[in-house]
Each structure stands twice: as C-alpha cells, then as structure tokens.
Amino acid sequence: MASQMSILIRTRALLRNTLYPNLKSASISTSTVLSQEPQLAESTQPSPLPPNPATGSPLYNENWRNPVQNSATEVTQSLVPLGFLKHSPNSRIQAMSQMVDGQALMNVFADWMTSQRWSDMRQLFELWIRSLDKNGKPNKPDVSLYNHYLRANLMMGGTAADLLDLVAQMEDFAILPNTASFNLVLKAMYQAKETEAAEKLLQRMLQTGKESLPDDESYALLTGMLFLTEQIDAALKYVDMTLKSGYMLHMREFSDCVRSCVNKGRLDALVSIIEKCKTMDQNKALCPPWNLCIFIAEVAMQEDNSKLVFYSLEFMARWIARGEIARPPVLLSADEGLVVSVLGTAARTYNQTLLDASWAILIRSLRKKKSPNPETFLGKIYAHASLGDLQRAFSTLREFETAYGNYIEDLELFSPFTSLYPLVMACCKNGFETLDSVYFQLENLSRSDPPYKSVAALNCVILGCANIWDLDRAYQTFEAIGASFGLTPDIHSYNALMYAFGKLKKTFEASRVFEHLVTLGVKPNAMSYSLLVDAHLINRDQKAAISIIDDMITAGFAPSRETLKKVRRRCMREMDYESDDRVEAFAKKFMIRMATEKRRDMLFNLQYSTDYA
C-alpha cells in the first residue's frame with residue numbers, strides 16, 4: 001500500500017511540473033531519496049577521439065551550425081577573396097546554397113551562364129562552399145565547378161592577378177587546375193595585353209602535366225596577343241608549336257598571322273606556315289578573307305614570290321567555289337588586271353604552275369560570258385614564251401586571233417615589233433634551229449583539220465630571222481606567206497622585211513619594199529616610216545632620213561622621241577647643223593622634250609694622244 005502511494009505521488013508531481021512549471025509546492029516523501037550527484041571514477045586512462053570527418057576543407061574551423069554571420073571578424077578569416085559577403089546575399093541564393101549538391105549546382109550555373117548572371121554565380125558558389133552537404137560534411141567543389149567560379153570572376157572584371165590568386169587557392173580544396181582554368185587566366189591577360197606573363201604561364205602549363213597542357217585555345221590566346229602587340233617573331237614561334245602539337249589553328253589567329261607576315265615582309269615564313277597547314281586535315285581548310293587574299297597576291301607579286309601568289313589564288317578559288325554553292329549564290333570574280341599581273345610574275349619566275357592557276361581562275365571568274373581582254377592573252381603569250389613553251393604560246397596566239405582577229409587594223413594587237421615581241425625573241429633564242437622548227441610546225445598545222453594559218457605567227461618568224469641577221473630565211477618566209485600558206489602579207493609582214501634589209505645596210509632594197517607596199521594599196525603605219533628612217537641613218541644619210549620624216553608627217557603620223565634623237569645624233573656626228581635645226585623644229589612642233597647628249601658628246605669628242613704614255 002505504501003509503495004502504491006509513493007508511485008502515485010511521484011506521477012502527480014511530474015505532471016504538475018510539466019503543466020505548471022512556475023507553480024511551487026512541497027510534497028512529503030515517505031521513501032528514502034537517493035543522491036543524483038555524479039561520482040568521480042577512480043584513476044582511468046582517457047580513450048582517443050575518432051579522426052576528424054571534415055578534413056580537406058579550409059573552412060572546417062568555422063561554426064557550421066551558423067554558417068552565415070555578419071561579423072567582420074569572420075569575413076577576414078575567410079579564404080574566399082574579392083569582397084565575400086560585403087553585401088547581404090539574396091535570401092533565395094542563401095537558401096539554395098544549403099539545398100543543392102555539386103551536380104545540381106553545375107546545372108544551375110549552366111542556366112545562369114545563358115542569362116549572364118555572373119554576380120549571382122559568384123555569390124552562390126561562395127555560400128555553397130561554406131555550407132554542409134547531406135552527410136554533414138563541408139561542400140567540396142571539383143575542378144569543373146571551380147572553373148565556373150573563375151569564369152564568373154573574369155566576366156565581372158577580375159584581373160589576371162585576381163584569377164591567379166584564385167587558381168592558387170584551388171590547392172586548399174585538394175583540386176588541381178586544368179587547361180580550362182589556365183585558359184581563363186590567359187583570357188584576362190589577353191584583355192590586359194600582358195604578353196610576358198602569358199608566355200610564362202604557357203611555359204608553366206607545358207611543365208605541369210597532362211591535365212593542364214595547353215590546347216588550341218591556349219595557343220590562340222597567346223598568339224593573338226602577340227600579333228596585336230606586333231611581336232611577330234614570338235607569335236610565329238607559338239604558331240609553329242601549335243601546328244607541331246597537332247592542334248587546329250583558329251581562323252582569327254590565322255588571318256592575323258597572314259596579315260602580320262605580309263605587312264612585315266615575312267613572306268617566306270608565311271609560305272612555310274601555309275604549307276604546314278595544308279598537310280594537316282584540321283587546318284587545310286583555312287582560308288583568309290577575300291580582300292586579304294587580294295592583298296597577299298599584290299604584295300607577293302611585288303616581291304616575285306611565286307609560291308605565295310599561287311596560294312593566294314588558291315584561296316580565291318575556294319571563295320569562288322563557296323559562293324557558287326551558297327544559297328543565294330554569291331558570285332565572286334578575280335580582277336582581270338590582277339590576273340595579268342600574275343601572268344607577268346609567272347613569266348619572270350618561270351613558274352608553269354602559277355601560269356596555269358591564274359588562267360584557270362580567270363576562266364572561272366568570267367563564267368563563259370565574255371572573252372578575256374587582249375592584254376590577258378598577250379600576258380599569257382609572254383609567260384609561255386619566257387618558259388620556252390612555244391607550242392602553247394602559239395596555241396594561245398590562235399585563241400587570241402579567234403577572239404580578236406577582226407581588230408587587227410585598228411588596234412595593231414598582232415604587231416611583232418610590240419605586242420608579240422616576246423614571242424619573236426623566244427623564236428630566235430637558239431638561232432635558226434628554233435626558227436626552222438617553228439616554221440615547220442606552222443606548215444604542218446596549215447595542213448591539219450581544221451587548218452591553222454596565221455600571218456601574225458609567220459611575221460614573228462620573219463622578224464626573228466631579221467634579229468639573227470638571216471636575210472635569206474626572212475625573205476623566204478615572207479614569200480611563203482602567199483605561196484605556201486595562201487595568205488596575204490599585212491603591213492607587219494612588210495615592216496619585218498624592211499627591218500631585215502635595213503639591218504644589213506640594204507637601204508635601197510628597204511626603200512623598194514616600202515614603195516612596193518604603197519603600190520599594192522597597203523597603208524603604211526608609223527613603224528613603216530620609222531624603219532625606213534633607221535635604214536637611212538645606218539648609211540649615215542641624215543638628210544634622206546629627215547625627208548622621210550616629212551613624208552611621215554604628211555601622212556598624218558608623228559615621229560617618236562627615239563626617232564628624233566637618232567636623227568639628231570647622226571646630225572651632230574656629221575656636223576650637219578642645218579639638219580639638226582630641222583630636228584629641233586620637229587621636236588617643238590610635236591612638243592617633244594629632247595634630252596641633252598653631253599655624256600655621249602664627251603665620249604665622241606675624246607682626243608686620243610700619247611702625251612700621257
């Protein structure tokens with residue numbers, strides 16, 4: 001009975017203390033109360049605690065039960081720089097930092113990057129690393145997550161020094177920076193044009209390991225920076241390293257490389273880079289802009305760099321092909337004047353490949369809507385003649401005659417003394433051997449199907465024979481025009497024959513050729529009178545030469561400066577001052593400025609004696 005009462009009293013007292021804690025009362029106990037004070041155990045050795053489960057985080061010493069404090073002391077103790085927690089964070093970002101894990105945070109950053117919420121990204125990351133995960137351990141970022149934090153700081157105007165400090169603090173989280181981490185630092189250096197620091201950082205990347213080796217973006221940032229600061233030697237060095245590493249050269253850096261090399265005259269280095277790019281699958285499609293291609297060709301032609309001219313035409317051909325397959329099509333065309341200049345370069349450098357490429361790009365640019373201009377045909381003939389390819393030279397002459405054969409009398413496009421003179425020189429290069437070979441080939445072509453008969457080609461042979469002082473071959477070729485080929489000699493044929501006679505001092509025969517062509521109704525041109533003047537001057541007959549000039553003026557032609565200088569020189573040597581006055585009158589009439597002959601007179605008036613022997 002007593003024990004039951006004791007239990008009841010204790011139960012009521014417990015309920016009263018629970019429901020009314022402020023009510024004070026005393027109860028009478030009938031049982032002995034045991035002492036509840038702890039008693040010290042006798043001498044025992046304390047056991048060690050388990051290891052710290054939160055090692056690896058630099059923020060373990062902070063109070064994890066109250067992670068966000070506004071005290072200034074905690075801000076100064078934090079390892080996160082750049083004004084962490086100077087402004088009170090958004091409550092939503094603060095709540096999110098305590099709920100998301102690493103993968104979820106990556107997804108949030110991916111979403112915020114599209115809307116460029118860089119400030120929110122930085123605040124969320126700084127709050128997240130100060131929070132606990134679901135296991136009660138400090139959040140630990142990986143290198144990809146930390147790179148998002150670096151990008152946010154870069155986009156908010158962080159300097160290269162700030163980003164380097166953040167990269168150094170990655171060691172506190174037991175993570176190593178990778179290539180992307182260093183590339184973000186290189187971007188900051190690119191904005192500040194810190195070329196020296198960027199080169200040192202790239203060397204560090206090469207020495208660290210596989211995870212941080214420079215990639216194509218690393219090299220692109222550094223080379224672009226060096227090209228902008230006109231450090232072309234260092235830039236070309238890293239471009240070469242890019243290609244040797246097997247990386248793709250970015251289009252922007254390739255264009256900068258091309259432009260810098262052309263401006264600085266480093267054409268051979270540019271050729272080497274282009275050749276290396278053509279051997280790599282990832283770089284063989286590189287092509288500078290259209291206007292830059294034209295600029296490359298112009299500069300390369302000035303330096304007679306045939307390889308670079310060829311590559312510029314190759315780039316232009318790619319642009320033309322791309323434009324034709326585009327929708328809507330963009331029809332690009334190479335300037336014909338540029339092609340004529342390229343043909344001249346091919347002739348000077350003896351480059352057959354460049355000659356074929358220039359003609360191909362011209363035909364593609366014209367798109368069969370018109371024929372090339374006469375200057376273009378003449379440039380191609382000159383190129384083939386300089387290369388010694390007479391067969392292709394005469395084939396081009398045939399195309400030229402087909403396109404412009406009706407304009408012979410008006411434009412004198414087929415004169416062997418001017419337009420076709422390079423072909424004449426090629427025909428007589430090896431003397432009569434080459435001339436006979438050309439003549440026999442023309443004779444065979446006249447019997448082919450369809451036959452090819454050309455007075456212009458035969459005129460080149462006649463003048464070539466005159467150049468080697470072979471009057472017999474020149475006269476026989478002239479007669480063969482009508483006898484063997486069934487053609488009619490033109491004024492250039494008669495001029496070539498007059499030149500052959502006059503060169504051998506056969507003035508009488510040259511005069512008879514002139515009289516013959518006049519009686520046939522062939523109208524002489526300015527070259528006819530000039531050749532007849534030269535024939536008289538060879539025989540020292542300046543008066544006859546002046547009479548021919550009078551006839552020339554009467555016929556409506558003006559004497560050239562070279563002709564008047566020849567006549568005046570002969571007058572001075574023959575001491576014919578009256579004729580010299582006539583020459584001066586001609587010069588004044590046609591407003592031709594005659595140069596002095598002082599240097600020639602000094603040589604002509606030298607008095608040789610033995611006084612100084």
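List the pairs whose first member sits in region 233-246 and is within 15 Å of VAL271 (Cα to Cα), whose second member is open to solvent by less than 20 Å² (accessible area, probe 1.4 Å) and of a type in the set (Ser, Thr, Tyr), and whose Cβ atoms are under 8 Å apart, counting only residues at least 6 apart or on separate chains?
Listed by first residue and then by second, the contacts come to VAL239/TYR219; VAL239/THR223.
Could you check, for region 221-242, whether at least one of its residues is touching a Gly at 6+ places or on another chain (Cβ under 9 Å), closer than 26 Å to SER358 by Cα and either in a helix (DSSP H, G or I) or open to solvent by 20 Å² or more (accessible area, probe 1.4 Å) (or both)?
The answer is no, given that none of the residues of region 221-242 is touching a Gly at 6+ places or on another chain (Cβ under 9 Å), closer than 26 Å to SER358 by Cα and either in a helix (DSSP H, G or I) or open to solvent by 20 Å² or more (accessible area, probe 1.4 Å) (or both).
I want to confirm something. Restricting to region 332-345 and keeping residues that are not hydrophobic (A, V, I, L, M, F, W, C) and not in a helix (DSSP H, G or I), which single residue is farthest from SER386 (Cα to Cα)?
Filtering first and then ranking leaves SER333.
Mind checking which residues of region 471-516 are over 16 Å from SER528 (Cα atoms), open to solvent by 70 Å² or more (accessible area, probe 1.4 Å) and among the aromatic types (Phe, Trp, Tyr)?
Once the filter is applied, which keeps residues that are over 16 Å from SER528 (Cα atoms), open to solvent by 70 Å² or more (accessible area, probe 1.4 Å) and among the aromatic types (Phe, Trp, Tyr), region 471-516 yields only TYR475.
Return the residues of region 146-166 that are surrounded by 19 or more Cβ atoms within 10 Å (Cβ to Cβ) and more than 17 Å from ALA110 (Cα to Cα); say none if nothing qualifies.
GLY158, ALA160, LEU163, LEU166
Is there any pair linking a residue in region 189-216 that is over 16 Å from VAL167 (Cα atoms) and open to solvent by less than 40 Å² (accessible area, probe 1.4 Å) to one that is not small (Gly, Ala, Ser) and not in a helix (DSSP H, G or I), with Cβ under 6 Å and at least six apart or on different chains, and which?
Final answer for the pair search is THR195/THR229.
Looking at region 119-142, which of its residues are surrounded by fewer than 17 Cβ atoms within 10 Å (Cβ to Cβ) and of a type outside the set (Lys, Arg)?
Once the filter is applied, which keeps residues that are surrounded by fewer than 17 Cβ atoms within 10 Å (Cβ to Cβ) and of a type outside the set (Lys, Arg), region 119-142 yields SER119, LEU132, ASP133, ASN135, GLY136, ASP142.
Among the residues of region 571-588, write down those that are open to solvent by 50 Å² or more (accessible area, probe 1.4 Å), part of a helix (DSSP H, G or I) and within 14 Å of ARG540 (Cα to Cα).
Correct list: MET572, ARG573.
How many residues are among the hydroxyl-bearing types (Ser, Thr, Tyr) and open to solvent by 50 Å² or more (accessible area, probe 1.4 Å) if we restrict to region 290-344?
2
Go through region 110-167 and give me each residue that's under 17 Å from LEU184 (Cα atoms) and part of a loop (DSSP other than H, G, I, E, B).
If the condition is that a residue be under 17 Å from LEU184 (Cα atoms) and part of a loop (DSSP other than H, G, I, E, B), then GLN116, ASP142, MET156, GLY157, GLY158, THR159 are the ones that fit.
Can you pull out the residues in region 266-289 that are open to solvent by less than 50 Å² (accessible area, probe 1.4 Å) and touching a residue at least 12 places away in the same chain (Cβ under 8 Å)?
If the condition is that a residue be open to solvent by less than 50 Å² (accessible area, probe 1.4 Å) and touching a residue at least 12 places away in the same chain (Cβ under 8 Å), then LEU267, ALA269, LEU270, VAL271, ILE273, ILE274, CYS277, MET280, ASN283, LEU286, CYS287, PRO288 are the ones that fit.
Six or more apart or on different chains, Cβ atoms under 7 Å: show the pairs whose first residue is in region 317-346 and within 12 Å of TRP290 (Cα to Cα) and whose second is of a type in the set (Phe, Trp, Tyr).
Within 7 Å, the pairs are TRP319/TRP290; LEU332/TRP290; LEU332/TRP319.
Just checking, how many residues over region 558-613 are over 22 Å from ALA535 (Cβ atoms), at pLDDT 85 or above and hydroxyl-bearing (Ser, Thr, Tyr)?
Qualifying residue count for the region: 1.
The values are calculated or read from the model by the stated rules, or taken from the named source; none is laboratory data. The shown structure was predicted, so the numbers you read here are calculated from the model rather than taken from an experiment. In this analysis, Cβ positions are derived from the backbone assuming ideal geometry, glycine residues included, and neighbour counts consider all displayed protein chains. Heads up: the accessible areas ignore ligands, DNA and RNA and are worked out on the full protein's heavy atoms, side chains in. Shrake-Rupley method; radii C 1.70, N 1.55, O 1.52, S 1.80 Å.
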